[in-house]
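Some notes on the structure that comes next.
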Amino acid sequence: MGVYLVAIAFFGLMALGMPVGISIGVAGVVGILDMGPRFMTMAPDRVFAGLDLFPFLAMPFFILAGEIMNRSGITAGLVKLADALVGWLRGGMAHSNMVASVMFAGITGSATADAAAFGNTLVPAMEKAGYTRSYACAVTAAGSIIGPTIPPSTLAIIYGSIMGVSIAGLFAAGILPGLLICVVCMTLIALTAKRKNLPKGEGRPSLCAVAAALREGFLAALLPVFILGSILFGFATPTEAAAIAVAYSLFVGGVLYRALSWQDLYQIAVRTTRITGIIFLIIASATILGWWMTFNRIPQSIAAGLLAVSDNPQIVIGLIILLLLVIGLVMDINATLIILAPVLAPLTVQLGMEPVHAGIMIILALNISLMTPPVGACLFVLSSVTGEKVESITRELWPFILAEVAILFLIAFWPDLTLFIPRLFGL
């Protein structure tokens, strides 16, 4: 009976438009009340225990660093650099969008930040150059999930913290999958460029033009290299690297570029606080719901159900991916990760997967759901920023979604693609 009450509470509140963090929290409280009133006295302790993890400190720092870089306009140099490198191809601005997403990913680690930034800048520029707005939004959405795949990744921090998996290892493991997404999407753009009659660039830039673009975008491009290098070579933990990234961003944006006012800093602090508060509310609420699920042995039931379908590890892994993709259609990815990771991670170990490999598979599956309707966050960010309808964006986006799902299955069944860099650095 408790399962039905929790499901009714959660989906009922979601249908009424309540924020996902509150919906999950109320559903968790309903479950605990069904367990018995005495368990309510333990709930506050579980909430704070779920948030009391040192690696979680890295999240607000990385979010803050990204906001500073955005506000100071430094990231505009990344777009110019990407355009100088690939903008001369047919569909050049679409290719530039993808390359810029890779560069931008190493700064924010957020798909929605990528979608918002490029929705304000690249989408209007692409539309002016002759692309349809829906196609420009689709390319931006497809590239945006590179953000939380390539380090620093908020999802990797959450997964590593709650599952006890090396965050540095997850960061390293996300590099090749993120680059592969970029390459495959650029290949798809190239294959369809002639049929869609995508605009062609003005020709190959001169070495002087490339050098000028590199000089302008160098300081921004240096940040992700600095962050990842300090972690991989053991000079700093992810949390320490995140704090250093904030100091670097403030120095470059405020001192070298003189692009930050006190009003800018205030707005940056407000936005960072708002984003961090939303994520932490979801984490706290999902901790309560996860505790209730564990008490009722729901994780074991889900694992047993998947294993009952087949004893073939490949089939079970495929079912796990499909489960994540389906749940991601209707649920916030942070909440999904916190609730399902303790359920699925032990099952993947039982199937013979390395913890880091399984983590990247789960993270990428949830990242893909950021651009799938009906609740794909990147779709709604782009729709609100550009004014384009979600339905129009989705029609242009489907080829990219299918390509990225194919990459997800490739990563799941080819462990070396994910584990090569972590093994190289002994992670």
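The values are calculated or read from the model by the stated rules, or taken from the named source; none is laboratory data. In this text the structure is predicted, and so the values were computed from the model without any measurement. Neighbour counts are summed over all protein chains in view; Cβ atoms, including those assigned to glycine, are modelled from backbone coordinates with ideal geometry. Ligands, DNA and RNA are excluded from the accessible area calculation, which covers all protein heavy atoms including side chains. Shrake-Rupley method; radii C 1.70, N 1.55, O 1.52, S 1.80 Å.
Here are some notes:
- Per residue, the chain exposes 43 Å² of solvent-accessible protein surface, assessed with a 1.4 angstrom probe and all protein chains in place.
- Accessible area of Ser230 (1.4 Å probe, protein heavy atoms only, ligands and nucleic acids ignored): about 10 Å².
- A cut-off under 12 angstrom between Cβ atoms defines the neighbours of Ile145, and their net charge, with Lys, Arg +1 and Asp, Glu -1, is -2.
- Highest to lowest packing among 8-14, 254-260, scored as the average C-beta count within 10 Å: 8-14, 254-260
- Reported label for calculated Kirkwood radius over Cα pairs in Å given (i) 23.4; (ii) 22.1; (iii) 26.4: (ii)
- Order by protection proxy (mean Cβ within 10 Å, highest first), peptides 267-277, 335-345, 132-142: 132-142, 335-345, 267-277
- The Cβ shell under 15 Å around Phe295 holds other residues with a net charge of +1, Lys and Arg each +1, Asp and Glu each -1.
- The angle between the Cα long axis of helix 111-120 and the main principal axis of the chain comes to about 40°, on a 0 to 90 degree scale.
- Lys200 long-range amide H proximity, modeled H, under 5 Å: Gly91
- Percentage, to the nearest whole number, of Cα pairs in the stretch 240-341 over 19 Å apart: 64 percent
- When the solvent-accessible area of the chain is split by element, carbon and sulfur atoms take up 68 percent of it, the probe being 1.4 Å.
- The listed peptides 357-369, 156-168, 181-193, ordered by packing as a protection proxy, come out as 357-369, 156-168, 181-193 (highest mean of other Cβ atoms within 10 Å first).
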